[in-house]
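Shown next, in structure tokens, is the structure this report addresses.
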Amino acid sequence: MTCLTVAKKDFRDAVQSRALWSLVGVFVVLSIVSTYAYVEAPALLGSQAEATFGGLIFFTIGLTGLFVPLAAIVVCYLSLIHISDG
């Protein structure tokens, strides 16, 4: 087996993985909800400050920095469960 064959198989397996699609879906929904909350929160709280693009990027990076490690922990845990069951 060549490296290219293994890479193609791994890519196909990743595309077919429901867990991966679920994580992508959760991340997209989280990004949309957090963007909406960032833009609308100052108006709801009565603040005169407006949301800026730089602030939105900083806020999104913070949420991504929290979400990605948590998702990695869950994926690793599930893969260990599947290895020990098999």
Could you give me the residue pairs with C-beta distances under 6 Å whose first residue belongs to segment 71-86 and is closer than 11 Å to residue 19 by Cα, whose second residue is modelled with pLDDT of 75 or more wherever it lies, and which are 6+ apart or on separate chains?
71/23
Just one of (1) in contact with a Pro (Cβ under 7 Å, 6 or more places away or on another chain); (2) open to solvent by 70 Å² or more (accessible area, probe 1.4 Å) trips up residue 80, so point out which.
(1)
What number goes with the only condition from (1) under 21 Å from residue 74 (Cβ atoms); (2) of a type outside the set (Phe, Trp, Tyr); (3) open to solvent by less than 70 Å² (accessible area, probe 1.4 Å); (4) at pLDDT 85 or above that residue 26 does not pass?
(3)
List every residue pair whose Cβ atoms lie under 9 Å apart, where the two residues are 6 or more positions apart in sequence or sit on different chains, the first residue falls within segment 9-36 and is over 21 Å from residue 69 (Cα atoms), and the second residue, located anywhere, is open to solvent by 70 Å² or more (accessible area, probe 1.4 Å).
9/1
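This table checks each residue for (1) surrounded by 11 or more Cβ atoms within 10 Å (Cβ to Cβ); (2) of a type outside the set (Gly, Ala, Ser); (3) modelled with pLDDT of 80 or more.
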site	(1), (2), (3)
20	yes, yes, no
30	yes, yes, yes
50	no, yes, yes
55	yes, no, yes
64	yes, yes, yes
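The values are calculated or read from the model by the stated rules, or taken from the named source; none is laboratory data. Here the structure is a predicted model, which means the values were calculated and not measured. Quick reminder, even Gly has a Cβ in these numbers, built from the backbone with ideal geometry, and neighbours come from all protein chains shown. Just the protein is used for accessible areas: all its heavy atoms, side chains included, with ligands, DNA and RNA removed. Shrake-Rupley method; radii C 1.70, N 1.55, O 1.52, S 1.80 Å.
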